[in-house]
Amino acid sequence: MLNYFEKIGASTLYYINEAGRMGIFLYYSFLSILKPPYKIYPIIKQTYIIGTLSIFVILFTGAFTGMVLGLQGYHTLSKFGAEGLLGSAVALSLIRELGPVLAGLMVTGRAGSAICAEIGVMRISEQIDALDCMAIDPHKYIVAPKFIAGLISLPLLTAIFDVIGILGGYLVGVGLLGVGEGTYFSSIYKTVEWSDIYMGLLKSVCFGMLIIWISSAKGYFVHLSKGGGFGAEGVSRVTTNAVVLSSVSILFFDYLLTSVLL
């Protein structure tokens, strides 16, 4: 029985320490963003890696999400004789909820895992220690460009996701199911307001920060993580944990932000 309580206490202390490490990591990351010198090329490079290379999966996911919404929405609305509201149903679902969430999840799987693995390999190969020895701030050199790129890329990817999803719903609703083209777009124009767009953009910014923060911190502290260590197996475990934690955090903060903003 005593060993059981010891394990509970050890686990509690571990997670408290990890939460503290990640909080301090976030503080120093934002501090490094504000601290000169300001270099543009690393930000452009990370924006290309996080944003541009994610466009294909965003286009693919957005198109089929919009098509499914158009198909399901039409058959649901037809029960009430409200097929003319298909455009607004698709647009509001994408702009408010599905666009930011699915875009965030796709970027987590494609870019978040790569960021965690990259920083984790730098840690176990002692590259981060070498930066410290040369008096180079690792947060400024490694993490800050990724944070800025994530905050830029996620809102843009979410906007692309929304537009492609609305067009996917248009292809199904207008092209296959016979909804009027003018009816589809006029319902979007009448119902979508700036507050809806603002909610989606705010969510995408928060999700971008969460993805980069969790992925970077998990890789940075791979040597201190449970199941981590200085080997390839430790990096793979921490990368998996980072993707899972980022995905769960996106869903949690999606509910939290929705409850606050609605």
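The values are calculated or read from the model by the stated rules, or taken from the named source; none is laboratory data. This is a predicted model, so every value here is computed, not measured. Virtual Cβ from ideal backbone geometry, glycine too; neighbours counted across all protein chains shown.
For the stretch 166-174, check the following and say yes or no: at least one residue is under 11 Å from PRO100 (Cβ atoms), buried (at least 18 other Cβ atoms within 10 Å of the Cβ) and in contact with a Leu (Cβ under 8 Å, 6 or more places away or on another chain).
no
Exactly one condition in (1) of a type outside the set (A, V, I, L, M, F, W, C); (2) exposed (fewer than 13 other Cβ atoms within 10 Å of the Cβ); (3) part of a helix (DSSP H, G or I) is false for PRO37; which is it?
Evaluating PRO37 over (1) of a type outside the set (A, V, I, L, M, F, W, C); (2) exposed (fewer than 13 other Cβ atoms within 10 Å of the Cβ); (3) part of a helix (DSSP H, G or I) leaves (3) as the failure.
In this structure, is CYS133 at pLDDT below 90 and among the hydrophobic types (A, V, I, L, M, F, W, C)?
So CYS133 fits the description; yes.
Please determine, by comparing only the residues of the stretch 184-197 that are in contact (Cβ under 8 Å) with a residue 12 or more places away in the chain and of a type outside the set (S, T, N, Q), which one is nearest to THR158 (Cα to Cα).
Filtering first and then ranking leaves ILE197.
Test GLY70 against the stated conditions and say whether it is at pLDDT 90 or above, part of a helix (DSSP H, G or I), more than 22 Å from LEU210 (Cα to Cα) and not acidic (Asp, Glu).
Taking the combined requirement at face value, the residue satisfies it.
Scan the stretch 20-34 residue by residue and report those that are exposed (fewer than 13 other Cβ atoms within 10 Å of the Cβ), of a type in the set (A, V, I, L, M) and over 13 Å from ASP137 (Cβ atoms).
ILE24
Quick check on my filter: what residues within the stretch 205-238 are surrounded by fewer than 24 Cβ atoms within 10 Å (Cβ to Cβ) and of a type in the set (S, T, N, Q)?
Matches in the stretch 205-238: SER225, SER236.
How many residues does the stretch 131-160 contain that are within 30 Å of HIS75 (Cα to Cα) and in contact with a Ser or Thr (Cβ under 7 Å, 6 or more places away or on another chain)?
Going through the stretch 131-160 one residue at a time, the tally reaches 2.
Give the residue, chosen from SER54, SER32, SER11, that is small (Gly, Ala, Ser), under 25 Å from ALA117 (Cα atoms) and without any contact (Cβ under 8 Å) to a residue 12 or more places away in the chain.
Among SER54, SER32, SER11, only SER11 is small (Gly, Ala, Ser), under 25 Å from ALA117 (Cα atoms) and without any contact (Cβ under 8 Å) to a residue 12 or more places away in the chain.
Which residues, counting only those in the stretch 143-163, are β-branched (Val, Ile, Thr) and buried (at least 23 other Cβ atoms within 10 Å of the Cβ)?
VAL143, THR158, listed by residue number.
Name the one entry in THR12, THR76 that is within 19 Å of PHE221 (Cα to Cα), modelled with pLDDT under 90, hydroxyl-bearing (Ser, Thr, Tyr) and over 25 Å from the mean Cα position of the chain (by Cα).
THR12
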